[in-house]
Amino acid sequence: MSAVNLLDFDLDGLAAFCEQLGEKRFRATQLFRWIHQRGASDFDQMSDLAKSLRAKLAGQADIRGLPIISEHVSSDGTVKWLFDVGAGNAVETVFIPEDDRGTLCVSSQAGCAVGCRFCSTGHQGFSRNLSTGEILAQLWHAEHALRARLQTSDRVISNVVMMGMGEPLQNYGALVPALRVMLDDHGYGLSRRRVTVSTSGVVPMIDRLRDDCPVALAVSLHASNDALRDELVPINRKYPIDELLDACVRYLDKAPRDFVTFEYCMLDGVNDSDEHARQLLNLVRGRISCKFNLIPFNPFPASGLRRSSSARVQAFAKILVDGGIVTTVRKTRGDDIDAACGQLAGEVQDRTHVRERMTRGPIPIRPA
Ligand code: SAH
Ligand code: SF4
């Protein structure tokens, strides 16, 4: 029988596991704090747990992170890890430091079944869901590796965005316990406002998330009408824009923030005209409290798409802002290590290539 990975549990799950071992809940809390707050992976480190309990744990459980294929540090401080999730699959995690926060971009699946036109993960297809432990292993490793590197015992990661590879709401069962650990005061203690689930619009799961574990919500809109969105974000054929916006309005009843963020990837000549911007205004004005985040498209060869010019992005943003909608343009970070949105799968796509790189050592960092 393989050992139970304790990274797979939220605190209630760990308490239930400890109960089976005849241990009280406060022992589970101690254990949980060792794992997530101290980054322990070895029961022997847990000096305030009875030796007998440590021995019992060692017999049936472990704290199993993900093997690291590579780690790259960008000239702007962005760090990208590539983790091995077995059977030739890898997922990426990116840390983005800013003056007032440290954001970790976390993956939820190996590949993605939604198949958005402009996303290299989508082009790669779906391999499998990550487990709760595999989602949390990304945060667990990043937080404690960064603390060690920065020689601090203070928290380094203040924000988590589920914007890595995969559609988090198509891996709901594993996602929610992982979110609970992120929010738990005995875990990472992140505020609900600082944990963001980004979705392409899985409407029924937006409702469930609102009831089970409301955190900040970002919705990948990318189009101003159904015909265009059907092409760019194929899940729109199942859950069209109107239904999606209604779900967003319902979500705001319980959301920790009083707005939804709409992400909009700017594609040259596809979704970036003045008319598209005006259509967006008509969709959202007076209906939903929202902000727009315009994302410069990160091109990859198979997409056949181009990034909108910055003048176009600015003109588009101006129409939204003049229409009363708070709009930001996302800075691209970690460009020199291919850590920007939608590039995450780049190295994974061609698995032989990953292998080759692994045997050759770290991928050289290109100058910025
Ligand atoms: N599946 C979820 C979360 C992961 S994608 C979702 O779609 O929301 C995270 C964000 O990166 C999404 O807004 C997505 O549309 C955007 N993205 C994907 N590919 C991109 C690319 N090539 N350039 C810029 N943004 C991209
Ligand atoms: Fe999947 Fe999100 Fe990429 Fe679409 S943008 S294919 S939903 S990861």
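The values are calculated or read from the model by the stated rules, or taken from the named source; none is laboratory data. Keep in mind that this is a model prediction, so the values were computed, not measured. Reconstructed Cβ throughout: ideal geometry from the backbone, glycine too, with neighbour counts over all protein chains shown.
I'd like to know if segment 210-229 contains one or more residues that are at pLDDT 95 or above, within 13 Å of ligand 2 (Cβ to nearest atom) and part of a helix (DSSP H, G or I). Taking every residue of segment 210-229 in turn, at least one turns out to be at pLDDT 95 or above, within 13 Å of ligand 2 (Cβ to nearest atom) and part of a helix (DSSP H, G or I). Do we have V114 as assigned to a strand (DSSP E or B) and either within 16 Å of ligand 2 (Cβ to nearest atom) or under 24 Å from S191 (Cα atoms) (or both) here? So V114 fails the test.
Residues in segment 135-156 that are crowded, with 22+ Cβ neighbours inside 10 Å and away from ligand 2 (no atom under 16 Å from the Cβ): L136, A137, L139, W140, A142. Does F262 satisfy being modelled with pLDDT of 95 or more and touching a Cys at 6+ places or on another chain (Cβ under 8 Å)? So F262 fits the description; yes.
Residues Q109, Q170, Q124: which one is under 30 Å from S308 (Cβ atoms) and at pLDDT below 95?
Q124
Within the span defined as segment 73-85, every residue fails to be assigned to a helix (DSSP H, G or I) and away from ligand 1 (no atom under 16 Å from the Cβ).
Quick one: which of L221, L217, L244 is in contact (Cβ under 8 Å) with a residue 12 or more places away in the chain, in contact with a Gly (Cβ under 6 Å, 6 or more places away or on another chain) and surrounded by 18 or more Cβ atoms within 10 Å (Cβ to Cβ)?
Residue meeting the stated conditions: L244.
This table checks each residue for (1) over 14 Å from S107 (Cβ atoms); (2) out of contact with any Phe, Trp or Tyr (no Cβ under 6 Å at 6 or more places or on another chain); (3) free of Cβ contacts under 8 Å to residues at least 24 places away in the same chain; (4) not assigned by TED's automatic domain parsing to the domain that holds T29.
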residue: D154; (1), (2), (3), (4): yes, yes, yes, yes
residue: V161; (1), (2), (3), (4): no, yes, no, yes
residue: L175; (1), (2), (3), (4): no, yes, no, yes
residue: V181; (1), (2), (3), (4): yes, yes, no, yes
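If a residue must be within 16 Å of ligand 1 (Cβ to nearest atom) and among the hydroxyl-bearing types (S, T, Y), how many such residues does segment 112-145 contain? Residues flagged as within 16 Å of ligand 1 (Cβ to nearest atom) and among the hydroxyl-bearing types (S, T, Y) within segment 112-145 amount to 3.
Within segment 73-83, track down each residue that is of a type in the set (S, T, N, Q) and surrounded by fewer than 20 Cβ atoms within 10 Å (Cβ to Cβ). Selection gives S75 alone. Does L221 meet the test of being under 18 Å from the mean Cα position of the chain (by Cα), over 30 Å from R155 (Cβ atoms) and assigned by TED's automatic domain parsing to the domain that holds R155? It is true that L221 is under 18 Å from the mean Cα position of the chain (by Cα), over 30 Å from R155 (Cβ atoms) and assigned by TED's automatic domain parsing to the domain that holds R155.
Taking the numbered list (1) over 21 Å from L7 (Cβ atoms); (2) assigned to a loop (DSSP other than H, G, I, E, B) in turn, M165 passes all entries but (1). If the requirement is being over 30 Å from L21 (Cα atoms) and either under 22 Å from the mean Cα position of the chain (by Cα) or surrounded by fewer than 13 Cβ atoms within 10 Å (Cβ to Cβ) (or both), which of these qualifies: S47, S70? Every option except S70 fails the conditions. In segment 102-126, the residues that are free of Cβ contacts under 8 Å to residues at least 24 places away in the same chain reach residues that are more than 8 Å from ligand 1 (Cβ to nearest atom) and assigned to a loop (DSSP other than H, G, I, E, B) with C-beta atoms within less than 8 angstrom, at least six apart or across chains, in these pairs: G122/G115; G125/A113; G125/G115; F126/A113. Residues that are within 28 Å of D76 (Cα to Cα) and touching a helix residue (DSSP H, G or I) at 6+ places or on another chain (Cβ under 9 Å) do occur in segment 286-294, at least one of them.
Inside segment 320-337, residues that are assigned to a helix (DSSP H, G or I) and surrounded by 18 or more Cβ atoms within 10 Å (Cβ to Cβ) make up a count of 2.
Of all the criteria given as (1) without any contact (Cβ under 8 Å) to a residue 24 or more places away in the chain; (2) crowded, with 18+ Cβ neighbours inside 10 Å, the one not satisfied by E19 is (2).
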